[in-house]
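**Q** Shown below is the structure under consideration.
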Amino acid sequence: MMKASMPCTMAWVMRSITGTVRDELEKPTGSLVMLVEDPADLAVTPRYASVVGDGTYSFTNVPPGSYRIVATQRNDMMTVQRPGGLIDYEDLMESLELHAGEKLTKDLNRRTPGEK
């Protein structure tokens, strides 16, 4: 007897983190947003989202959990991709918690290591 296959849908597919990024003059800015699990393993490569012209970014299909997030200049990507490169951003990252089925909005200000 043949068994019918049943489609499996993951509940976390709809979870997302979106928002806008602004510069020091509070204007929308083209930047790069980095997302890492918290507690952060600063040796891993983070997820990236590009910021579009109106200042918005979006991460989709994010599993529930604790994360750290930061928006920085796009040209900082080379720094981040080197081994241990996230350590420079540790003090700039903000914490957030994404729950089951949640669509979280998190607006950010662009940050650069060495800023006060």
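The values are calculated or read from the model by the stated rules, or taken from the named source; none is laboratory data. It should be emphasised that the depicted structure is a prediction, and the values quoted were computed from it without experimental measurement. Note that each Cβ is placed from the backbone with ideal geometry, even for glycine, and that neighbours are counted across all protein chains shown.
**Q** Output the residues belonging to segment 7-22 that are part of a loop (DSSP other than H, G, I, E, B) and modelled with pLDDT under 85.
**A** Hits for segment 7-22 are Pro7, Cys8, Thr9, Met10.
**Q** Moving on. Applying the selection to segment 82-109, what residues are among the charged types (D, E, K, R) and modelled with pLDDT of 85 or more?
**A** Passing the criteria: Glu94, Glu97, Glu102, Lys103, Lys106, Asp107.
**Q** Something else: Is there a residue in segment 36-46 that is part of a strand (DSSP E or B) and modelled with pLDDT of 90 or more?
**A** Among the residues of segment 36-46, not one is part of a strand (DSSP E or B) and modelled with pLDDT of 90 or more, which makes the answer no.
**Q** Taking the condition surrounded by 13 or more Cβ atoms within 10 Å (Cβ to Cβ) and at pLDDT 75 or above, does Val51 pass?
**A** Here the answer is yes, as Val51 does meet what is asked.
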